[in-house]
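Notes follow the structure.
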Amino acid sequence: MSDRPAPIRIDDLAEPVLAPEIVEMMEQAAPLAAQIELSPEAVLSAAADQTGLSDFGPDEFREPLEVLCRAMDTEAAFSPLGRLSQFSQLTAFAVNRLRVEQYIKDHPEALDVPIDRPIVIAGLPRTGTTHLHNLISADPALRSLPWWEALQPVPPVEEAGTAEGRIQRAKDGLAAMHMAMPHYNRMHEMTWDHVHEEIHLLAIGFSTMLFDCSAPMPSWRSYYKKHDQTPHYQYLKRVLRVLAHQRPPRGRWVLKSPQHLEQIGPLMGVFGDATVVFTHRDPVSISASFATMICYSARMSAAYPVEVHRIGQWWARLIEDMLRACTDDRDLVPPEQSIDVLFHEFMADDVATVERIYTLADQPFTPAVKDAMDTYMAGHPRGRHGRVIYDLADFGLAAGERRQALRFYTDRFAVELEH
């Protein structure tokens with residue numbers, strides 16, 4: 001008999017039922033949010049005040065930040081807590097940028113640290129990317145990004161050379177998140193020390209699909225898609241160099257983000273020697289599960305009732321858009337540097353899949369590496385927090401329509417259909 005929690009269906013997406021502590025927090029946020037100005041000037045000023053620093057580095061971030069703030073202010077329909085949280089998050093990204101630039105001033109040699117032959121996982125959420133990322137990151141020869149480091153790549157000056165403060169803040173933040181969203185780990189487990197994707201590092205440049213997760217913002221999405229993201233991938237490499245300089249050993253990086261699916265050109269333009277792992281799963285299943293996760297998260301930022309149909313249909317279009325970009329640009333990565341991983345094959349033998357990736361990437365797959373991965377899996381069995389039951393109908397979406405719309409992708413990559 002399994003000791004895992006029984007599957008659940010989340011039935012309060014539109015009208016969330018929250019813990020009393022969270023309700024109180026939302027009520028307290030209203031007067032504070034009324035004073036918030038969602039503008040680049042306010043965000044950058046707040047960051048400068050927090051740090052005592054003023055040099056934000058290269059200016060390519062300023063225009064996207066302006067477009068983003070305008071979209072958040074006029075299109076996102078945030079609750080007071082959402083407005084306050086978004087301002088705080090934008091300020092935190094600006095703080096990180098100031099600290100990165102100050103670190104480079106203090107340690108200019110950091111920019112000489114090589115970022116050679118990263119292993120990059122590119123796939124939609126729910127395609128096994130998190131499990132694959134964690135498995136590969138269990139290899140002590142590789143360098144990855146834990147959650148606490150993604151949140152604050154460079155510590156405040158009073159914590160220079162340490163990680164303890166950042167680790168504790170990451171723990172505190174996750175404790176609050178789990179109080180507000182107790183089922184989140186069923187969909188995407190989050191712990192302070194697990195590896196995280198570099199999308200929070202890309203956000204330091206204020207140009208990333210991470211902001212699509214905040215709310216439907218058509219003007220932001222249009223701007224992001226129309227502008228070359230190469231400068232922002234270059235800034236990502238700058239931040240990776242700082243991280244590697246701060247915390248050796250400076251091994252080969254293992255990276256992961258769904259964003260890379262629609263930014264294959266900029267990715268390869270900046271990380272031209274990368275080995276890219278494309279993960280593929282039935283996108284109809286992905287659409288249902290990812291829309292559920294986004295709508296569940298929206299209880300902490302959106303005005304009520306949460307517009308479940310609007311958010312779900314928005315993400316159905318974004319997923320289709322991302323898969324179209326992947327289908328169009330997949331061959332920009334040479335065959336000797338890329339591999340396609342089908343979800344059903346990965347689930348059938350995950351370690352064998354990793355071994356195939358290592359062979360392509362010319363990365364040693366030793367008995368010690370296999371032991372490290374086996375140890376990780378023993379401590380992190382799939383579904384240990386229980387499953388969530390997903391249904392496209394919750395979002396006014398029809399499986400047949402989505403199946404037909406996404407055939408260009410499932411046919412191209414011979415994806416096994418799940419329904």
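The values are calculated or read from the model by the stated rules, or taken from the named source; none is laboratory data. The structure displayed is predicted, hence computed values, not measured ones. FYI the Cβ positions are ideal-geometry reconstructions off the backbone, even for glycines, and counts take in every protein chain you see.
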Out of the range 179-199, which residues are acidic (D, E) and surrounded by 15 or more Cβ atoms within 10 Å (Cβ to Cβ)?
E197, E198
With the checklist (1) modelled with pLDDT under 95; (2) under 19 Å from the mean Cα position of the chain (by Cα); (3) more than 23 Å from G265 (Cα to Cα) in hand, flag the one item T127 doesn't pass.
(3)
Single match in R407, R382 (criterion: modelled with pLDDT under 95, surrounded by fewer than 16 Cβ atoms within 10 Å (Cβ to Cβ) and either farther than 21 Å from T275 by Cα or not hydrophobic (A, V, I, L, M, F, W, C) (or both))
R382
Quick check: anything in the range 339-356 of a type in the set (D, E), free of Cβ contacts under 8 Å to residues at least 40 places away in the same chain and part of a loop (DSSP other than H, G, I, E, B)?
yes
Of all residues in the range 43-59, which are more than 21 Å from R83 (Cβ to Cβ) and among the hydroxyl-bearing types (S, T, Y)?
T51, S54
May I ask you to say which residue of V120, V154 is surrounded by 16 or more Cβ atoms within 10 Å (Cβ to Cβ), in a loop (DSSP other than H, G, I, E, B) and either in contact (Cβ under 8 Å) with a residue 60 or more places away in the chain or touching a helix residue (DSSP H, G or I) at 6+ places or on another chain (Cβ under 7 Å) (or both)?
V154
Considering only residues of the range 280-314 that are surrounded by fewer than 24 Cβ atoms within 10 Å (Cβ to Cβ) and among the polar types (S, T, N, Q), which is farthest from L132 (Cα to Cα)?
S301
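Rundown of residues vs (1) aromatic (F, W, Y); (2) closer than 26 Å to L332 by Cβ; (3) touching a helix residue (DSSP H, G or I) at 6+ places or on another chain (Cβ under 9 Å), yes/no style:
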position: Q259; (1), (2), (3): no, yes, yes
position: P266; (1), (2), (3): no, yes, yes
position: F271; (1), (2), (3): yes, yes, yes
position: T275; (1), (2), (3): no, yes, yes
position: H280; (1), (2), (3): no, yes, yes
position: T292; (1), (2), (3): no, no, yes
Find all pairs meeting these conditions: Cβ atoms under 6 angstrom apart; at least six residues apart or on different chains; first residue within the range 48-69 and of a type in the set (S, T, N, Q); second residue modelled with pLDDT of 95 or more.
Q50/V95; T51/V95; T51/L98; S54/A48
Could you please tell me which pairs satisfy a Cβ distance under 8 Å, a separation of 6+ or placement on different chains, a first residue in the range 158-186 that is under 22 Å from H107 (Cα atoms) and of a type in the set (S, T, N, Q), and a second residue that is at pLDDT 95 or above and surrounded by 16 or more Cβ atoms within 10 Å (Cβ to Cβ)?
T162/P155
Just to be sure I understand, how many residues within the range 368-409 are touching a Lys or Arg at 6+ places or on another chain (Cβ under 8 Å) and assigned to a helix (DSSP H, G or I)?
3
Just checking, does the range 27-36 include any residue being out of contact with any Pro (no Cβ under 6 Å at 6 or more places or on another chain), small (G, A, S) and at positive phi?
no
Quick check: anything in the range 320-337 within 30 Å of D391 (Cβ to Cβ), surrounded by 21 or more Cβ atoms within 10 Å (Cβ to Cβ), in contact with a Ser or Thr (Cβ under 8 Å, 6 or more places away or on another chain) and not small (G, A, S)?
no
Going by the structure shown, is Q35 farther than 30 Å from V242 by Cα and either assigned to a helix (DSSP H, G or I) or at pLDDT below 95 (or both)?
yes
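Results for (1) among the polar types (S, T, N, Q); (2) at pLDDT 95 or above; (3) more than 30 Å from F87 (Cα to Cα); (4) within 22 Å of the chain's Cα centre (by Cα), shown as yes or no for each residue.
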{"site": "E307", "(1), (2), (3), (4)": "no, yes, no, no"}
{"site": "G312", "(1), (2), (3), (4)": "no, yes, no, yes"}
{"site": "T327", "(1), (2), (3), (4)": "yes, yes, yes, yes"}
{"site": "T359", "(1), (2), (3), (4)": "yes, yes, yes, no"}
{"site": "Y376", "(1), (2), (3), (4)": "no, no, yes, yes"}
Please work out which residue is farthest from S214 (Cα to Cα), limiting yourself to the range 35-62 and to residues that are among the hydroxyl-bearing types (S, T, Y) and surrounded by 13 or more Cβ atoms within 10 Å (Cβ to Cβ).
T51
